[in-house]
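Below: one structure, written as structure tokens.
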């Protein structure tokens, strides 16, 4: 590795809930620097959740992320001319990133509704333990379980 690692940038909390995770989630949704559009999508989804469930949208959001975030993932490693899929534990920071990415992609694949509504439906599904993002997590865990025999290659 050459040079120094890039310094971690400090991001500000979101303006409405003053939550760092929501601010990061808004940044993941944002495209082409249009933060106000991303905020409108996320806050719109939270309003829909509050309207439908009469629960605090922050609780639903954190519960959904807890249900989506993977504990194990597989990483490719070349050993003796063969590539092995080695199961590895996922760090907390990467767990949030992967969970957010899977949630956003699952919401994008739903068609026919505005993004705020699709995101709200996906968050509600994830909080209940169903939906495409939860399936993605289960597939990842299944892959790690299937390759458990190669865990001894872990450094």
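The values are calculated or read from the model by the stated rules, or taken from the named source; none is laboratory data. Only a predicted model underlies this, so the values are computations on that prediction, with no experimental measurement involved. A quick note on method: Cβ atoms are made from the backbone with ideal geometry, for glycine too, and the neighbour counts reach across all protein chains shown.
Quick look at the values:
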| item | result |
| --- | --- |
| Subset of region 27-43 [assigned to a helix (DSSP H, G or I) and either touching a residue at least 12 places away in the same chain (Cβ under 8 Å) or on the phi > 0 side of the Ramachandran plot (or both)] | 27, 28, 29, 38, 39, 40, 41, 42, 43 |
| Any hit, region 7-24, residues being surrounded by 15 or more Cβ atoms within 10 Å (Cβ to Cβ), in a helix (DSSP H, G or I) and in contact (Cβ under 8 Å) with a residue 40 or more places away in the chain | yes |
| Selection from region 52-80 of residues that are assigned to a loop (DSSP other than H, G, I, E, B) and either farther than 17 Å from residue 97 by Cβ or in contact with a strand residue (DSSP E or B) (Cβ under 8 Å, 6 or more places away or on another chain) (or both) | 54, 55, 56, 71, 80 |
| Scan of region 100-133 for residues that are under 24 Å from residue 148 (Cα atoms) and at pLDDT 95 or above, ordered by number | 102 |
| First in region 116-145 and on the phi > 0 side of the Ramachandran plot, second anywhere and in a helix (DSSP H, G or I) and surrounded by fewer than 20 Cβ atoms within 10 Å (Cβ to Cβ), Cβ under 7 Å, 6 or more apart | 129/67 |
| Enumerated helices (runs of 4 or more DSSP H) restricted to region 84-154, each holding at least 3 residues that are out of contact with any helix residue (DSSP H, G or I) (no Cβ under 7 Å at 6 or more places or on another chain) and surrounded by 14 or more Cβ atoms within 10 Å (Cβ to Cβ) | 92-109, 132-146 |
| Test result for residue 60, touching a residue at least 40 places away in the same chain (Cβ under 8 Å), over 16 Å from residue 129 (Cα atoms) and either surrounded by 12 or more Cβ atoms within 10 Å (Cβ to Cβ) or under 15 Å from the mean Cα position of the chain (by Cα) (or both) | no |
| Scope region 63-88; condition over 21 Å from residue 21 (Cα atoms) and without any contact (Cβ under 8 Å) to a residue 40 or more places away in the chain; matching residues | 75, 76, 78, 80, 81, 82, 83 |
